[in-house]
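Inspection log for the structure reproduced underneath, given as structure tokens.
The values are calculated or read from the model by the stated rules, or taken from the named source; none is laboratory data. Quick caveat: nothing in here was measured; it's all calculated off a predicted structure. Quick reminder, even Gly has a Cβ in these numbers, built from the backbone with ideal geometry, and neighbours come from all protein chains shown.
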Amino acid sequence: MSTYTHVPHPRTVERLEHKDEVIKAADDVNKNVASKFNSWLAVKITNGVGTMWCAYIFAIVALIGLPPALKPGGEGIMAWIAQTFLQLVLLSIIIVGQNIAAAASDNRSENTFKDAEAILSEAIEIQKHLKSQDEELIIALREALAKLPPA
């Protein structure tokens, strides 16, 4: 009979019950229908604008606006650069960079999740091993010692 009773941590029990669930940023289950639609639309627009192809298109659009900006009475080269070119082109390029950084972060998070799952599994195996030792070896030793004559 073992004198130790393993009481698993509540998070361990929760992970074991839901071990195949991977939570992603878009999986916010507490959202209402309007919020879910807004999130869906925002992701679609961001995915469209956040491409280098969109940046190239925006650069072309900005360059089309350059000649009028340089004409007398136009906004001028500095204003065109700041208000048109940088805002249009850099917006897409920044989103592309953020998407790359987010993908790397997601990969790190997924690896951390897998590592935590492995550690949990190893800890459970350690508990089984210790229980086995309790039940087999320690009990057998106790019984063998009980059979020895008193000293």
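Details
- Restricting the stretch 1-60 to residues that are aromatic (F, W, Y) and at pLDDT 75 or above leaves a set whose member that is surrounded by the most Cβ atoms within 10 Å (Cβ to Cβ) is F58.
- In summary, T84 fulfils each of the numbered conditions (1) surrounded by 13 or more Cβ atoms within 10 Å (Cβ to Cβ); (2) not in a helix (DSSP H, G or I) with the single exception of condition (2).
- With respect to the conditions (1) exposed (fewer than 13 other Cβ atoms within 10 Å of the Cβ); (2) within 30 Å of H9 (Cα to Cα); (3) charged (D, E, K, R), K131 falls short on a single one, namely (1).
- Count of the stretch 138-151 residues which are modelled with pLDDT of 85 or more, among the aliphatic types (A, V, I, L, M) and assigned to a helix (DSSP H, G or I): 5
- The condition of being over 30 Å from T12 (Cα atoms) and surrounded by 11 or more Cβ atoms within 10 Å (Cβ to Cβ) holds for only one of P150, P68, P72, that being P68.
- Scan of the stretch 35-80 for residues that are in a helix (DSSP H, G or I) and of a type in the set (G, A, S), ordered by number: S35, S39, A42, G48, A55, A59, A62, A69, A79
- Taken over the stretch 30-83, the criterion of being of a type in the set (F, W, Y) and touching a Leu at 6+ places or on another chain (Cβ under 7 Å) is satisfied by F58, W80.
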